[in-house]
Amino acid sequence: MTDQSDGYYNSDDPELGQEQPLVQHLVELRSRILRCLVAVLIAFACLFYFANDIYSFISEPLRSILPEGSSMIATEITQTFFTPFKLTVVAAIFLAIPYILHQVWGFIAPGLYQHERKLAIPLLASSVMLFYLGIAFAYYVVFPLLFNFFTTIGPEDVSVMPDIHSYLSIVLKLFFAFGIAFEIPIATVLLIWSGISSVTSLRKKRPYIIVGCFVVGMLLTPPDVFSQSLLAIPMWLLFETGVLMGGIVAKRKSA
């Protein structure tokens, strides 16, 4: 008779012996997804009252460098409501990311070995911090440089009056791009730790990695060399950081 403690079979019901664990996993997955949705809704409810203030904060890097007499505009009546609303939804998701990752960890942790859990916990915490760090880098470093470049390079007789919806689209795209780009050290460490690649192999592929960083920068940023470089160069530096940390992890693993 199959032992029930292995979590894979139910000896009392042969017909459902292999389906019971799958059902349990699906029920648990549904429960955790619902918890994540509730967390996002709670965060959204707390932030919605400050929707306009949040948009003012996000648009400050552009508004602070607009020429005198220029301002942001809305080309459609509904944009004055739906644009801050959309931003608040995204902000709620970003705010709930630690809890969402906690639920993800709770779902996958039972299937990991003890030594895998010891590595996964710091990697999970680091991924959250790096994602937020990427967003902060985009807001405080990239945005002032990028918007100052675009608002001063145009013809003098053209008034700069950005549309609030177009601005939000660019900002969210850059937030996502830099947030994901700052996860490169985590991905690099995982590649080395899992044995898929090695420090030596990654260093030999450095020229291709650099080219790939600029290709990704071209795809995820506005179509200009300046924006691409602002993403590609940090990606390359983060890759080098990941290789360095991966080497340390590999040495500890071999020891």
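The values are calculated or read from the model by the stated rules, or taken from the named source; none is laboratory data. Note that this is a predicted model, so its numbers are computed, not measured. Backbone-built Cβ (ideal geometry, glycine too); neighbour counts: all protein chains shown. Remember, those area values only see protein heavy atoms, side chains included, never the ligands or the DNA or RNA. Shrake-Rupley method; radii C 1.70, N 1.55, O 1.52, S 1.80 Å.
On the basis of being free of Cβ contacts under 8 Å to residues at least 40 places away in the same chain and either open to solvent by less than 50 Å² (accessible area, probe 1.4 Å) or not in a helix (DSSP H, G or I) (or both), does residue 45 make the cut? It is false that residue 45 is free of Cβ contacts under 8 Å to residues at least 40 places away in the same chain and either open to solvent by less than 50 Å² (accessible area, probe 1.4 Å) or not in a helix (DSSP H, G or I) (or both). Could you pull out the residue among 207, 185 that is at pLDDT 85 or above, crowded, with 16+ Cβ neighbours inside 10 Å and more than 21 Å from residue 145 (Cβ to Cβ)? The unique qualifying residue is 185.
Name the one entry in 151, 241 that is over 23 Å from the mean Cα position of the chain (by Cα), among the β-branched types (Val, Ile, Thr) and in a helix (DSSP H, G or I). Selected residue: 151, the only one of 151, 241 that is over 23 Å from the mean Cα position of the chain (by Cα), among the β-branched types (Val, Ile, Thr) and in a helix (DSSP H, G or I).
Total residues in the stretch 48-63 satisfying the condition of being open to solvent by 90 Å² or more (accessible area, probe 1.4 Å) and either under 21 Å from the mean Cα position of the chain (by Cα) or under 23 Å from residue 143 (Cβ atoms) (or both): the figure is 5. Applying a threshold of 7 Å to beta carbon distances and a minimum spacing of six or more residues, or different chains, the list of pairs starting in the stretch 158-183 at a residue that is in contact (Cβ under 8 Å) with a residue 40 or more places away in the chain and ending at one that is of a type in the set (Phe, Trp, Tyr) and part of a helix (DSSP H, G or I) reads 178/137; 179/131; 182/131; 183/131. The set of residues in the stretch 64-81 being of a type outside the set (A, V, I, L, M) and either in a strand (DSSP E or B) or surrounded by 15 or more Cβ atoms within 10 Å (Cβ to Cβ) (or both) consists of 79 alone.
Please work out if residue 150 is open to solvent by 70 Å² or more (accessible area, probe 1.4 Å) and within 30 Å of residue 70 (Cα to Cα). Can you show your working first?
Values: open to solvent by 70 Å² or more (accessible area, probe 1.4 Å): yes; within 30 Å of residue 70 (Cα to Cα): yes.
It is true that residue 150 is open to solvent by 70 Å² or more (accessible area, probe 1.4 Å) and within 30 Å of residue 70 (Cα to Cα).
Which of the residues that make up the stretch 108-137 are open to solvent by 40 Å² or more (accessible area, probe 1.4 Å) and over 20 Å from the mean Cα position of the chain (by Cα)? Listed by number, the residues that qualify are 110, 111, 112, 113, 114, 115, 116, 117, 118.
Can you tell me how many residues in the stretch 158-174 are small (Gly, Ala, Ser) and outside any loop (DSSP other than H, G, I, E, B)?
Kept after step one, since they are small (Gly, Ala, Ser), are these residues of the stretch 158-174: 159, 166, 169.
Filter once more, keeping what is outside any loop (DSSP other than H, G, I, E, B): 166, 169.
Qualifying residue count, the stretch 158-174: 2.
Among residues of the stretch 21-40 that are touching a residue at least 12 places away in the same chain (Cβ under 8 Å), those with a Cβ under 7 angstrom from a residue that is open to solvent by 100 Å² or more (accessible area, probe 1.4 Å), sequence gap 6+ or separate chain, pair up as 21/8.
Only one entry in 90, 104 is of a type outside the set (Phe, Trp, Tyr) and open to solvent by 50 Å² or more (accessible area, probe 1.4 Å), namely 104. Evaluation of residue 173 against the conditions (1) open to solvent by less than 80 Å² (accessible area, probe 1.4 Å); (2) under 17 Å from the mean Cα position of the chain (by Cα) shows that the sole unmet condition is (1). The lone criterion from (1) open to solvent by 30 Å² or more (accessible area, probe 1.4 Å); (2) more than 28 Å from residue 89 (Cα to Cα); (3) part of a helix (DSSP H, G or I) left unmet by residue 140 is number (2).
Which residues, taken from the stretch 218-235, are buried (at least 20 other Cβ atoms within 10 Å of the Cβ) and free of Cβ contacts under 8 Å to residues at least 40 places away in the same chain? Walk me through it before giving the result.
In the first step, residues of the stretch 218-235 are kept if they are buried (at least 20 other Cβ atoms within 10 Å of the Cβ); the result is 221, 227-228, 230-232, 234-235.
228, 232, listed by residue number.
Go through the stretch 103-139 and count every residue that is free of Cβ contacts under 8 Å to residues at least 12 places away in the same chain, out of contact with any Gly (no Cβ under 9 Å at 6 or more places or on another chain) and not aliphatic (A, V, I, L, M). Residues flagged as free of Cβ contacts under 8 Å to residues at least 12 places away in the same chain, out of contact with any Gly (no Cβ under 9 Å at 6 or more places or on another chain) and not aliphatic (A, V, I, L, M) within the stretch 103-139 amount to 8.
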